[in-house]
Amino acid sequence: MCCSAVKSLSVVAKENRSFGSFADGMIDGSGYLREDDSAVPDPLTVAITGLIVAGRRNDAVEHFHTAIGVPPEFVVGMRDSPQWAQMEAVVHTLVYDCMISDATNAALLSNVATRALVLDSAGSTDDLAGWAVTVAARLSNATHKSLAGQSPSTTTSSLPS
(Lines give C-alpha, C1' and ligand atoms only; values in the text may rest on other atoms or scores of the structure.)
Protein backbone atom coordinates (compact mmCIF):
# COMPACT_ATOMS: atom_id res chain seq x y z
CA MET A 1 0.00 0.00 0.00
CA CYS A 2 1.41 3.40 -0.88
CA CYS A 3 2.24 5.96 1.81
CA SER A 4 -0.54 8.37 0.81
CA ALA A 5 -3.15 5.62 1.16
CA VAL A 6 -1.84 4.69 4.62
CA LYS A 7 -1.86 8.34 5.66
CA SER A 8 -5.41 8.84 4.32
CA LEU A 9 -6.70 5.73 6.09
CA SER A 10 -5.12 6.98 9.33
CA VAL A 11 -6.81 10.38 8.97
CA VAL A 12 -10.22 8.77 8.46
CA ALA A 13 -9.65 6.38 11.38
CA LYS A 14 -8.87 9.33 13.67
CA GLU A 15 -12.20 10.91 12.67
CA ASN A 16 -13.86 8.30 14.86
CA ARG A 17 -11.76 7.76 18.00
CA SER A 18 -13.36 4.40 18.80
CA PHE A 19 -12.01 2.94 15.56
CA GLY A 20 -8.44 2.91 16.88
CA SER A 21 -9.20 0.18 19.40
CA PHE A 22 -11.01 -1.79 16.70
CA ALA A 23 -7.96 -1.87 14.44
CA ASP A 24 -5.45 -3.06 17.06
CA GLY A 25 -5.50 -6.76 16.14
CA MET A 26 -7.51 -9.41 14.37
CA ILE A 27 -9.38 -11.32 17.08
CA ASP A 28 -9.05 -10.77 20.81
CA GLY A 29 -10.30 -12.62 23.86
CA SER A 30 -13.60 -10.73 23.81
CA GLY A 31 -14.56 -12.38 20.52
CA TYR A 32 -14.46 -9.24 18.39
CA LEU A 33 -13.45 -9.67 14.79
CA ARG A 34 -10.46 -7.44 14.22
CA GLU A 35 -8.93 -5.79 11.19
CA ASP A 36 -5.77 -7.39 9.78
CA ASP A 37 -3.02 -4.78 9.45
CA SER A 38 -1.46 -6.76 6.59
CA ALA A 39 -4.56 -6.46 4.40
CA VAL A 40 -4.11 -4.59 1.15
CA PRO A 41 -6.95 -2.11 0.69
CA ASP A 42 -9.26 -2.54 -2.24
CA PRO A 43 -9.24 0.35 -4.73
CA LEU A 44 -12.75 1.26 -3.51
CA THR A 45 -11.42 1.69 0.05
CA VAL A 46 -8.60 3.93 -1.18
CA ALA A 47 -10.91 5.98 -3.44
CA ILE A 48 -13.55 6.61 -0.75
CA THR A 49 -10.84 7.48 1.77
CA GLY A 50 -9.25 9.94 -0.63
CA LEU A 51 -12.58 11.65 -1.33
CA ILE A 52 -13.33 11.99 2.39
CA VAL A 53 -9.86 13.34 3.21
CA ALA A 54 -10.30 15.86 0.38
CA GLY A 55 -13.55 17.03 2.00
CA ARG A 56 -15.66 15.56 -0.82
CA ARG A 57 -18.10 13.56 1.31
CA ASN A 58 -20.90 14.03 -1.23
CA ASP A 59 -18.70 12.50 -3.95
CA ALA A 60 -17.70 9.67 -1.59
CA VAL A 61 -21.35 8.70 -1.08
CA GLU A 62 -21.97 8.81 -4.83
CA HIS A 63 -18.79 6.85 -5.65
CA PHE A 64 -19.64 4.11 -3.16
CA HIS A 65 -23.16 3.63 -4.48
CA THR A 66 -22.01 3.61 -8.09
CA ALA A 67 -19.20 1.15 -7.26
CA ILE A 68 -21.59 -1.33 -5.65
CA GLY A 69 -23.85 -1.29 -8.70
CA VAL A 70 -26.55 1.26 -7.94
CA PRO A 71 -27.61 2.56 -11.37
CA PRO A 72 -26.56 6.19 -11.98
CA GLU A 73 -30.17 7.30 -12.48
CA PHE A 74 -31.04 5.95 -9.00
CA VAL A 75 -28.06 7.79 -7.49
CA VAL A 76 -29.34 11.04 -9.05
CA GLY A 77 -32.72 10.45 -7.41
CA MET A 78 -31.08 9.58 -4.10
CA ARG A 79 -29.15 12.87 -4.11
CA ASP A 80 -32.43 14.75 -3.95
CA SER A 81 -33.69 12.79 -0.93
CA PRO A 82 -33.42 13.98 2.68
CA GLN A 83 -31.44 10.80 3.44
CA TRP A 84 -28.51 11.95 1.29
CA ALA A 85 -27.31 14.40 3.96
CA GLN A 86 -27.56 11.61 6.53
CA MET A 87 -25.41 9.37 4.32
CA GLU A 88 -22.86 12.17 3.94
CA ALA A 89 -22.71 12.55 7.72
CA VAL A 90 -21.73 8.90 8.21
CA VAL A 91 -19.83 8.24 4.98
CA HIS A 92 -16.56 7.82 6.89
CA THR A 93 -18.00 4.60 8.36
CA LEU A 94 -18.00 3.10 4.86
CA VAL A 95 -14.21 3.18 5.06
CA TYR A 96 -14.36 1.01 8.19
CA ASP A 97 -16.75 -1.41 6.45
CA CYS A 98 -14.44 -1.56 3.44
CA MET A 99 -11.38 -2.12 5.65
CA ILE A 100 -13.12 -5.03 7.36
CA SER A 101 -13.98 -6.51 3.96
CA ASP A 102 -10.40 -5.98 2.77
CA ALA A 103 -9.05 -7.80 5.86
CA THR A 104 -11.51 -10.68 5.80
CA ASN A 105 -10.09 -13.91 4.46
CA ALA A 106 -10.66 -17.66 4.81
CA ALA A 107 -8.24 -18.00 7.76
CA LEU A 108 -9.95 -15.21 9.66
CA LEU A 109 -13.41 -16.65 9.06
CA SER A 110 -12.35 -20.12 10.15
CA ASN A 111 -11.36 -18.67 13.55
CA VAL A 112 -14.85 -17.35 14.27
CA ALA A 113 -16.50 -19.85 16.61
CA THR A 114 -19.71 -17.91 17.26
CA ARG A 115 -22.83 -19.55 15.89
CA ALA A 116 -23.95 -17.72 12.76
CA LEU A 117 -26.85 -17.78 10.36
CA VAL A 118 -25.80 -16.65 6.88
CA LEU A 119 -28.70 -15.68 4.64
CA ASP A 120 -29.28 -14.97 1.02
CA SER A 121 -32.56 -14.78 -0.84
CA ALA A 122 -34.22 -15.48 -4.14
CA GLY A 123 -33.83 -11.74 -4.71
CA SER A 124 -30.05 -11.88 -4.25
CA THR A 125 -27.76 -11.62 -7.23
CA ASP A 126 -25.68 -14.70 -8.05
CA ASP A 127 -22.52 -13.13 -6.64
CA LEU A 128 -24.19 -12.33 -3.30
CA ALA A 129 -25.71 -15.80 -3.05
CA GLY A 130 -22.31 -17.32 -3.84
CA TRP A 131 -20.61 -15.20 -1.20
CA ALA A 132 -23.17 -16.30 1.38
CA VAL A 133 -22.49 -19.96 0.61
CA THR A 134 -18.72 -19.39 0.74
CA VAL A 135 -18.82 -17.48 4.03
CA ALA A 136 -21.05 -20.09 5.67
CA ALA A 137 -18.69 -22.85 4.53
CA ARG A 138 -15.66 -21.05 5.95
CA LEU A 139 -17.22 -20.22 9.34
CA SER A 140 -16.73 -23.06 11.79
CA ASN A 141 -20.25 -22.90 13.27
CA ALA A 142 -22.54 -21.52 10.57
CA THR A 143 -25.77 -22.47 8.89
CA HIS A 144 -26.64 -21.18 5.45
CA LYS A 145 -30.24 -20.55 4.42
CA SER A 146 -31.60 -19.22 1.17
CA LEU A 147 -34.95 -17.49 1.64
CA ALA A 148 -37.27 -18.38 -1.22
CA GLY A 149 -39.35 -15.52 -2.53
CA GLN A 150 -37.65 -12.94 -0.32
CA SER A 151 -35.83 -9.80 -1.32
CA PRO A 152 -32.44 -9.03 0.24
CA SER A 153 -34.24 -6.62 2.61
CA THR A 154 -36.39 -8.85 4.75
CA THR A 155 -38.12 -8.51 8.09
CA THR A 156 -37.02 -10.40 11.18
CA SER A 157 -40.45 -12.04 11.37
CA SER A 158 -39.71 -13.89 8.11
CA LEU A 159 -36.35 -15.25 9.29
CA PRO A 160 -36.01 -18.91 10.26
CA SER A 161 -35.72 -19.49 13.99
Arg79 paired with Ala122, simple spin-label distance in nm, labels 7 Å along Cα-to-beta-carbon: 3.7
Summed residue charge, Cβ within 14 Å of Ala142's Cβ, Lys/Arg positive, Asp/Glu negative: +2
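How big is Rg to Rh over the range 105-146, alpha-carbon atoms, Rh as the Kirkwood inverse-mean-distance radius?
Details: Rg = 10.2 Å, Rh = 10.3 Å.
For the range 105-146, the value is 0.99.
How would Leu117, Leu109 rank on accessible area, largest to smallest, probe 1.4 Å?
My answer, sorted largest first, is Leu117, Leu109.
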Calculated FRET efficiency for the pair Ser146/Thr66, C-beta based, R₀ 25 Å, to 0.05: 0.35
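What does the charge count near Val61 come to, summing +1 for each Lys or Arg and -1 for each Asp or Glu among other residues with Cβ under 10 Å from its Cβ? Write out the running numbers ahead of the final one.
Values: positive: Arg56, Arg57, Arg79; negative: Asp59, Glu62, Glu88.
Value of the local net charge: 0.
The values are calculated or read from the model by the stated rules, or taken from the named source; none is laboratory data. Everything quoted here is computed from the prediction, not taken from an experiment. Methodologically, a virtual Cβ is constructed for each residue, glycine included, from the backbone with ideal geometry; neighbour enumeration extends over all protein chains shown. Protein only, heavy atoms only, side chains kept; ligands, DNA and RNA dropped before computing areas. Shrake-Rupley method; radii C 1.70, N 1.55, O 1.52, S 1.80 Å.
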